[in-house]
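The numbers here are math on the coordinates, done by the rules we state, and not lab data. Bear in mind the structure is a predicted one, so any value in this text is a computation, not a measurement. Please note: Cβ atoms are built from the backbone with ideal geometry, for glycine as well, and neighbour counts cover all protein chains shown.
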Amino acid sequence: MFSLSYFLQQSMNGIILGCIYALLALGMTVVYGILRLINFAHGALITLGAFFMYFVFFRLGLPFVAALFLVLGFGGAMGLVLDLVAYRKLRGGPEVALLITSLGFYTFIENFTKLIVSPQPYAFKTPEFLATLYRTPYLTFRTVDVFIIFSSLLIMLAFHLFVKRTKLGIAMRATAENLEVANLMGIEVNRVISVAFVLGSAIAAFTGFLWGAKYGQISYDMGFLTGVKAFVAVVVGGVGSIPGAMLGGFVLGLAEILSIAFLPTRFAEYRDGIVFAILILVLLIRPSGIMGIREEVRV
Amino acid sequence: MISLLKVEKITVKYGVIPAIQELEFEVERGQIVALLGANGAGKTTTLKTIMGVLRPVRGRIFYDGKDITFLPAPQRVRLGIALVPEGRGIFNRLTVRENLLLGAYHRRDQEGILQDLEEVYRLFPRLKERENQVAGTLSGGEQQMLAIGRGLMSRPRLMLLDEPSLGLAPLVVRELYALIRRIRENGVTILLVEQSAPMAIGVADYVYVLETGVVKIAGTPQEVESLEEVKKVYLGG
């Protein structure tokens, strides 16, 4: 009943959705690692990025590469604004204050977008040079699919190298582990946090473009569930672990697509439910996630 | 000559409760000064305030004649103050080498940093062996060495050591104190906080004893040692 080519096709779709979750999870896990903040507003960045791309690329007709860099810059700038306006004043306060603020900012951005664009979804055409269709015996795909997979892997690799090899990256991991001691080392902790927001948000805005190019439609509320699922990916992969967040993204994307592909059609509506069922399952078996660092109990 | 560190009547509070009150002392260049006292006497608070992690509600702190009372911690690191925190404060998930390099975070002289790294490795060959190991896997003694090595990487002029011997085996503590002497011989001034007094008194040039946030006794090791009170409470005799 299900052919190999069907399986491969759906796996590719799962990997692509996984790329999107993984890219978002990257930004979320870094911020969570340092501030213990579940940054719901992170999801809003993919909405903003998608609409920003829509306007600079389709409406203004800027060259593709220029538009991409503008989206990255715009996302990064928004991340910085969020950090400075929303979160910086709350440092040292209770974590729940940060959480509520991030929900508030998400809601604000979503409604603001709705007001400015429209409550109706926008059609987002795949740029022409990404729309070429390829048929092979087992797999049918478009250039955009290849683009998404390669650009995502490239970003993840670059981020990994940044965190592992650069001075700022090492400082970021140190800050995530122990903010007070990082401060003692002469690390300007606030600057490190801002960099985490800027990088994560730039990546999220870029992801918004990927989303539009792949699924052909963007809307003011596209960021909410996507953002929440990206956080689920963070938890599934293991909070505090960057490779874990990426892995979690892929696990979630694949599970979501494959479950609708292979379960009877009447279950298709439950795709979001399935994601959360996976979360519960993983937490039952491995409470600290697949690659999670077990919190040591200190006496 | 002005002293390297001058703490002038500082009061630090946690909420409304003062942890130290009008505390006053000085540290001369090239000295090892020991700050002793029981739990809750305000020793750690004092070091954190000198480092800029805590702010005094009253009083002033002068470093090398400069008022640093309101300077944030990272800038004090740049001026040459390093705190080796209580409990060592090692980044467990980072490698030994990464930990050490973070000590030199504010420095730009790449060559000097690598030289100092080699110097630290000469001082602690064990760390060299474990260079690429995650620091969380080190033993307590090795972690303390790493914490001190990391402090040295910032090329400090004033090193604040918060209970370095805590939780270490007696043999390791002896090694540690030999090391503290060596660091001083290299021209680094040391302010040492300890609960276990004998070793600290043995190495110090000057001793302050704190009690509930105020200096109770001050003097040279010989003067302090001979006091009945100190003998009874801190030297176990």
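With axes computed from alpha carbons, what is the tilt in degrees of helix A:143-165 against the longest principal axis of chain A, rounded to the nearest 10 within 0 to 90?
20 degrees
Using a 7 Å offset from Cα along Cα-Cβ at B:Q195, what residues in region B:22-43 end up with backbone N under 16 Å from the label point?
In region B:22-43, the label zone of B:Q195 (backbone N under 16 Å from the point 7 Å along Cα→Cβ) covers B:35-43.
What's the extension gain from A:L4 to A:E95 if we count 0.36 nm per residue and subtract their Cα-Cα distance? Please list the in-between numbers first.
Working: separation 91, 0.36 × 91 = 32.76 nm, distance 4.78 nm.
Taking 0.36 nm per residue and subtracting the Cα distance, the gain is 28.0 nm.
Efficiency by 1/(1 + (r/R0)^6): what FRET value for A:L115 and A:F69, r their Cβ-Cβ distance, R0 = 41 Å, to the nearest 0.05? Working shown, then result.
On the way: r = 27 Å, r/R0 = 0.67.
The value I calculate is 0.90.
Could you state the number of Å between the C-alpha centres of region B:1-78 and region A:71-102?
If you average the Cα positions of each part, the centres end up 33 Å apart.
At 7 Å along the Cα-to-beta-carbon direction for both B:Q133 and A:A131, put a label point, then send me their distance in nm to one decimal.
Spacing of the two 7 Å Cα→Cβ label points: 6.0 nm.
Decide, for region A:207-281, between rounded, prolate and oblate: order the square roots of the alpha carbon gyration tensor eigenvalues as a ≥ b ≥ c, take rounded if a/c falls under 1.5, and otherwise choose prolate if a/b is larger than b/c, else oblate. Walk me through the numbers before you get to the answer.
On the way: a/c = 1.83, a/b = 1.07, b/c = 1.70.
Since a/c reaches 1.5 but b/c is at least a/b, the shape of region A:207-281 is classed as oblate.
Check the straight Cα-Cα distances from B:K232 and name the aspartates and glutamates below 20 Å, setting aside those fewer than 8 residues away within the same chain.
B:E194, B:E211, B:E223
Looking only at other chains, what is the average number of their beta-carbon atoms within 10 angstrom of each beta-carbon in B:50-59? The partial results should precede the final answer.
Details: counts 0, 2, 2, 4, 0, 0, 0, 0, 0, 0.
Mean number of neighbouring Cβ atoms from other chains: 1.
May I ask you to order B:90-99, A:282-291, A:253-262 by the average number of other C-beta atoms within 10 Å around their residues, highest value first? Write down the numbers at each step before the final one.
Values: B:90-99: 21.2, A:282-291: 15.3, A:253-262: 18.9.
Top of the packing list down: B:90-99, A:253-262, A:282-291.
Just list whichever of A:K164/A:K214; A:K114/A:K229; B:K6/B:K216; A:K89/B:K9; A:K89/B:K48 have alpha carbons separated by over 27 Å in the model shown. Present the calculation step by step, with values, prior to reporting the outcome.
On the way: A:K164/A:K214 31 Å; A:K114/A:K229 22 Å; B:K6/B:K216 17 Å; A:K89/B:K9 31 Å; A:K89/B:K48 23 Å.
Exceeds cut-off: A:K164/A:K214; A:K89/B:K9.
In peptide A:161-173, how many Cβ atoms from other protein chains are near each Cβ within 10 Å, on average?
Details: counts 0, 0, 0, 1, 0, 0, 5, 1, 1, 9, 4, 0, 5.
If you average over the peptide's residues, the count of other-chain Cβ atoms is 2.
Starting from 0.36 nm per residue, how many nanometres of slack lie between B:Q222 and B:M1 once their C-alpha separation is accounted for?
Details: separation 221, 0.36 × 221 = 79.56 nm, distance 2.44 nm.
Taking B:Q222 through B:M1 to full extension adds about 77.1 nm, to one decimal.
Where does chain B land on Rg(C-alpha)/(2.2 N^0.38 Å)? Please report the intermediate quantities before stating the final value.
Values: Rg = 17.4 Å, N = 237, 2.2 N^0.38 = 17.6 Å.
Here the answer is 0.99, to two decimals.
Alpha carbons only, please: Rg and Dmax for region A:140-299, in angstrom.
Here Rg and the maximum Cα pair distance are 17.9, 58 Å.
Using Cα atoms only, what is the angle between the long axis of helix A:189-215 and the major principal axis of chain A, expressed in degrees (0 to 90) to the nearest 10?
With both axes taken from Cα atoms, the answer is about 10 degrees.
Under a plain spin-label model, where a point goes 7 Å from the Cα along Cα-to-Cβ, how far apart in nm are B:R29 and B:K66?
So the two model labels end up 1.5 nm from each other.
How many angstrom separate the Cα center of region A:254-285 from the Cα center of region B:105-137?
48 Å
Through the Karplus equation 6.51 cos²θ - 1.76 cosθ + 1.60, θ set to phi - 60°, convert the phi angles of region B:184-195 into ³J(HN,Hα) values in whole Hz; use x for Gly and Pro.
5, 4, 7, x, 8, 7, 10, 10, 10, 10, 8, 8
Sort largest first and round to whole Å: the equivalent ellipsoid semi-axes of region A:4-285, each the square root of five times a Cα gyration tensor eigenvalue.
Numbers: eigenvalues 178, 99, 70 Å².
Working from the Cα gyration tensor, I get semi-axes of 30, 22, 19 Å.
Before anything else, pin down the relative contact order of region B:91-152: Cα pairs under 8 Å, at least 6 apart, normalised by residue count, whole percent.
On the way: 54 pairs, mean separation 34.4, N = 62.
About 55 percent, as a whole number.
Quick one: compute the contact order of chain A, relative version, from alpha carbon pairs under 8 angstrom and 6+ residues apart, as a percent. Please report the intermediate quantities before stating the final value.
Details: 462 pairs, mean separation 108.4, N = 299.
Relative contact order of chain A: 36 percent.
Report the Stokes-Einstein translational diffusion coefficient (µm² s⁻¹, integer) for the protein assembly as shown, Rh taken as the Kirkwood radius over Cα pairs, at 25 °C with viscosity 0.890 mPa s.
On the way: Rh = 26.0 Å.
Estimated via Stokes-Einstein, D reaches 94 µm²/s.
Could you state the principal axis extents of the C-alpha atoms in region B:91-152, from the largest down, to the nearest angstrom?
31, 22, 17
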